[in-house]
Structure formats: C-alpha cells, structure tokens
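Student: Below are the structure tokens for one structure; questions will follow.
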Amino acid sequence: MARGCICCVKYMLFLFNLFFWLGGCGLLGVGVWLSVSQGSFATLSPSFPSLSAANLIITLGTVVMVTGFFGCLGAIKENKCLLLSFFIVLLIILLAELILLILFFVYTDEVRENARQDLKEGLVLYNTENNAGLRDAWNTIQRGWSCCGVTKPDDWSSFMLENVVPDSCCQQVYLNCGRNASNSFWAHGCYDKVEQWVDENKHLLGTIAMCVLVIQLLGMAFSMTLYQQIHRAGKKYQA
C-alpha cells in the first residue's frame with residue numbers, strides 16, 4: 001500500500017515537473033530568439049541597462065527549467081536530496097515573490113515616482129550613439145500603445161532640449177513628422193497607458209498570479225509528500 005502511494009505521488013510529481021521543465025525550455029528558447037533576432041531591442045531604463053525583455057525571459061526560463069529538472073529527476077529517481085532541493089528552490093521563489101509584493105504595496109507611490117523619473121532620464125539618450133536599443137524600444141512602445149513620452153509628449157522636449165518628438169509619436173506617421181508642431185501627436189504618456197492597461201486587466205492578472213501560486217504550492221506539497229514517504233519506506237526497510 002505504501003509503495004503504491006509512493007508510485008502515485010512519484011509519477012504525478014514527475015508529470016507536473018515535466019510540463020514545468022518544458023515550459024522553462026520554451027521560455028528560454030523565446031528569450032534566446034529575442035536576444036538574437038531583436039538584439040537591438042533593449043531596456044527603457046538607463047539605471048538598469050541589462051533589464052531587457054530578452055534577458056528577463058532568459059532568466060525566468062533558466063530558473064523554471066532548472067527547477068523542473070530538479071523535480072523530474074528527484075521524482076523518477078526517488079532521490080531525497082533532489083526532492084528537498086526542489087522544495088527549497090520553490091520555497092525561496094515563493095518567499096521572494098511575497099517579499100517583493102509586500103514591498104511594492106508598501107512603497108507604491110515611491111516605486112511609481114522613481115519609475116517615471118528613471119524613464120524620463122532615459123529619454124535624453126534617445127538620439128545618442130550606442131543606444132539604438134533604447135531608441136527601438138521607445139519607438140515600438142509608442143507605436144504599439146498609441147502614446148508619447150512617459151507622462152505627456154512634452155517630456156521629449158524637456159529632455160532632448162528641442163521642441164520635437166520622435167516620429168513614432170505622430171498619429172499619422174511619416175518621415176520627420178515629429179518636427180512639425182502642427183501635427184497631431186498622441187496625447188497620453190506611455191506610463192499612464194501601461195497603468196491603465198494593468199487596471200483594466202487586474203482581474204486577469206490576479207487570476208494568473210493565483211494559478212502560479214497554486215502551481216508552486218502543489219509542487220511543494222507533492223515533493224514533500226514524496227520525500228516523507230520515501231523517508232518512511234527507507235526506515236521500514238532498515239528495520
């Protein structure tokens with residue numbers, strides 16, 4: 001009976017982590033593809049030049065893949081050390097998420113203000129050499145979100161010391177349209193657009209967060225259950 005329970009939990013944990021590992025491989029592949037094919041698409045923040053979409057996805061994919069590997073191998077081999085490592089990694093990730101979430105809610109206003117200021121300081125690098133990534137990132141976001149600047153179009157003239165905006169700010173885009181003051185530019189800032197999108201999709205984002213939390217808790221429960229059953233079975237065998 002005990003052996004049957006071990007096998008049941010073992011294969012449930014293995015399948016759970018197999019999908020987890022495959023998801024990590026997929027994320028890593030997407031991150032590498034972004035890094036190679038969209039290498040010029042960099043961060044918007046001058047304070048965190050390595051904080052690009054590609055690097056974030058690669059890091060996330062690597063963590064998920066390694067964690068899934070620990071879980072898969074630990075389950076199929078019934079290795080207590082790997083199962084415990086898997087549990088500890090999930091626990092650390094969960095605690096880090098909770099700490100970041102608490103800090104965000106406690107310092108929401110400070111985080112928002114620092115984010116706005118950091119993004120605005122990055123505007124001055126838009127037309128400088130060796131910053132094609134930042135320029136491409138701003139152009140892509142302004143076109144995709146129909147926005148201009150961080151909080152308003154005037155952000156560009158304040159930091160670029162010219163009364164111009166990028167062409168991607170124009171509602172009707174053509175070459176050097178941002179230098180024509182009579183043109184219609186997007187009135188809303190990109191930061192406000194992102195905040196609006198988050199507010200409109202907070203229920204969806206909350207559901208996704210709850211699903212991630214449930215997956216993490218299930219992984220921890222399965223791994224610890226299997227660990228305890230293997231431990232008890234080993235004691236009975238020794239006795």
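Student: For the charge dipole of the chain, defined by +1 on Lys and Arg C-beta atoms and -1 on Asp and Glu C-beta atoms about the Cα centroid, which residue among Cys8, Val212, Phe87 has the Cα displaced farthest towards the positive pole?
Tutor: The one lying farthest along the dipole's positive direction is Cys8.
Student: Can you give me the Rg/Rh ratio for region 125-168, using Cα atoms for both radii and the Kirkwood formula for Rh?
Tutor: 0.94
Student: Could you size up the charge dipole of the chain around its Cα centre, putting +1 on the beta carbon of Lys and Arg and -1 on that of Asp and Glu, and report it in debye to the nearest 20?
Tutor: On the way: 16 positive and 17 negative charges, 323 e Å.
Using only the charged Cβ atoms, the result is roughly 1560 debye.
Student: I would also like to ask the following. Please report the relative contact order for the chain, taking Cα pairs under 8 Å with a sequence separation of at least 6, and give it as a percent rounded to a whole number.
Tutor: Working: 300 pairs, mean separation 54.5, N = 239.
Over the chain, the number comes to 23 percent.
Student: What's the carbon and sulfur percent of the chain's accessible surface, probe 1.4 angstrom, rounded to a whole number? Numbers along the way, then the final one.
Tutor: Values: 9620 of 14520 Å².
Reported share for carbon and sulfur atoms: 66 percent.
Student: Within the chain, how many Lys pairs that are eight or more residues apart, or on different chains, come under 16 Å at the alpha-carbon?
Tutor: Details: Lys10/Lys77; Lys10/Lys80; Lys80/Lys235; Lys80/Lys236; Lys120/Lys152; Lys120/Lys193; Lys152/Lys193; Lys193/Lys202.
Summing the qualifying lysine pairs gives 8.
Student: At most 13 other Cβ atoms within 10 Å plus a DSSP loop assignment makes a site exposed; report the longest stretch of the chain without any exposed chymotrypsin sites (Phe, Trp or Tyr not before Pro).
Tutor: Details: sites that count: Tyr107, Tyr174.
It runs 1-106.
Student: Excluding ligands, DNA and RNA, what is the solvent-accessible area per residue of region 66-213 at a probe of 1.4 Å, expressed in Å²? Don't jump to the answer; show the numbers that get you there.
Tutor: Working: 8930 Å² over 148 residues.
Using a 1.4 Å probe on heavy atoms only, each residue of region 66-213 averages 60 Å².
Student: May I ask you to evaluate 6.51 cos²θ - 1.76 cosθ + 1.60, the Karplus curve with θ = phi - 60°, for each residue of region 133-140 and list the ³J(HN,Hα) values in order in whole Hz, giving x for glycine and proline?
Tutor: With the stated coefficients, region 133-140 comes to x, 5, 5, 5, 5, 5, 4, 5 Hz.
Student: If we restrict to alpha carbons, what Rg and Dmax does region 113-212 come to, in Å?
Tutor: 15.0, 49
The values are calculated or read from the model by the stated rules, or taken from the named source; none is laboratory data. Not measured: the values here are computed from a predicted model. Neighbour counts are summed over all protein chains in view; Cβ atoms, including those assigned to glycine, are modelled from backbone coordinates with ideal geometry. The area values use the complete protein model at the heavy-atom level, side chains included, leaving out ligands, DNA and RNA. Shrake-Rupley method; radii C 1.70, N 1.55, O 1.52, S 1.80 Å.
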